[in-house]
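**Q** Quick one: this structure, given as structure tokens, is what I'll be asking you about.
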Amino acid sequence: MTGIVDGRVAVVTGAGRGIGRAHALAFATGGAAVVVNDIGVGLDGSGRDATSAKGPAQQVVDEIVAAGGRAVANTDDVADWAGARSLIDCAVDTFGRLDVLVNNAGFLRDRMLFTMGEAEWDAVIRVHLKGHFAPLRHAAEHWRAEAKAGRTPDARVINTSSGAGLLGSIGQGNYAAAKAGIAALTVNAAAELSRYGVTVNAIAPAARTRMTEATFADDMAAPATGFDAMAPENVAPLVVWLGSAESAGVTGRVFEVDGGRVSVAQGWRHGPVRDKGARWDPAELGPVVRELLAEAPAPEPVYGA
Ligand SMILES: NC(=O)c1ccc[n+]([C@@H]2O[C@H](COP(=O)([O-])OP(=O)(O)OC[C@H]3O[C@@H](n4cnc5c(N)ncnc54)[C@H](O)[C@@H]3O)[C@@H](O)[C@H]2O)c1
């Protein structure tokens, strides 16, 4: 098993199923040793997977090892401070180094905002936003120490945002807020960590997994080519490339990826401006704001609106 990540060590969170599983298999095929993290929860973050005596992380490790690759299972909760620390330590203790962190784990608790409860808000913000920050924080501390010891890393973080976080999504206010936060965290982390040899990018994927099987229910394979545009395996090649040394210099970006499509999202930018040079009176702002809106590009529609 060799490829563009040969000899690198990658942590992939939520890698027991879906998109994360495909990432882990692709990193292993590309020659990386992989820490396959998954706590094995249900779609809404509750319970533990009872479909097998082995948890989903160990099942993916077994697949990788059977194919001749190197992997170890880890069942820490990514949003638990000590768990995230132990996940990063697992890579260094098992394989001697850490080169790539792919933050991917998460779950949904969809509700319209007027019926969403505090627990649904807290759980989704926790697993996605803190579940990205905590492993990133511990990995960043490790890489900064390496750089200070004269071993500047060539390290990569790939975060997982979502179209919901970039444009909004009806019935997913908690998830959209967490995923928008992940896009902002990505830009911030890229700026803070560049001096230590670390790039930080994010993806906004789309694929058929248990999370989206209602949305992408049909087999969407193109009849002529057999290409299944919604297969989770379509997302992994970009993530492997971003995790490789070849992506040097690419940082602070969010890429949308699904099927055979790769695109770079264009985020918030300063827009049209009027400066009075003094404090505005509320009564005079109506025409000013309408002029600005006429000059600015219209926002893209919110998903499901
Ligand atoms: N499927 C899509 O179209 C789509 C679209 C946009 C974004 N995403 C994002 O991609 C990522 C992967 O989603 P998926 O569709 O593969 O979902 P999935 O449910 O198939 O996989 C997510 C995995 O994360 C694990 N997990 C949940 N909480 C965890 C925790 N605290 N610690 C460790 N592991 C945990 C689950 O056990 C599960 O195996 C998620 O961040 C999701 O929001 C997916």
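The numbers here are math on the coordinates, done by the rules we state, and not lab data. Everything quoted here is computed from the prediction, not taken from an experiment. Neighbour counts are summed over all protein chains in view; Cβ atoms, including those assigned to glycine, are modelled from backbone coordinates with ideal geometry.
**Q** For the ranges 171-179, 104-112, what's the packing order if you count other beta-carbon atoms within 10 Å of each residue, average per peptide, and put the highest first?
**A** Highest-to-lowest ranking by the protection proxy: 171-179, 104-112.
**Q** Give me the angle, in degrees from 0 to 90, between the Cα long axis of helix 131-148 and the longest principal axis of the Cα atoms of the chain, rounded to the nearest 10.
**A** For helix 131-148, the angle is close to 70 degrees.
**Q** Continuing with this model, one more query. Taking the 0 to 90 degree range and rounding to the nearest ten, how far is the long axis of helix 173-193 tilted relative to the main principal axis of the chain, both from C-alpha atoms?
**A** Result, in degrees: 80.
**Q** Return the long-range amide H neighbours of R70 (sequence gap of 5 or more, or a different chain), with a cut-off of under 5 Å between placed amide H atoms.
**A** Under 5 Å from the amide H of R70: V34.
**Q** Oh, and also: Any idea what diffusion coefficient the chain gets from Stokes-Einstein, in µm²/s, Kirkwood Rh on alpha carbon pairs, 37 °C, 0.692 mPa s?
**A** 161
**Q** So, one more: Which value at 222 nm does the chain reach when only helices count, each DSSP H run of 4 or more adding -39,500 (n - 2.57), with the total divided by all residues and rounded to the nearest 500 deg cm²/dmol?
**A** Dividing the helical sum by the residues of the chain leaves -11000 deg cm²/dmol.
**Q** Further, regarding this structure: For the chain, find the longest principal axis of its Cα atoms and tell me its angle to the long axis of helix 18-29, 0 to 90°, nearest 10.
**A** Its long axis makes an angle of about 50 degrees.
**Q** Right, here's the next one. Pairs of Cα atoms under 8 Å, at least six residues apart: use those to get the relative contact order of the chain, whole percent.
**A** The value is 17 percent.
**Q** May I ask you to compute the full-extension gain from A67 to N188, defined as 0.36 nm times their residue separation minus their alpha-carbon distance, rounded to one decimal in nm?
**A** Extra length from A67 to N188 when fully extended: 39.8 nm.
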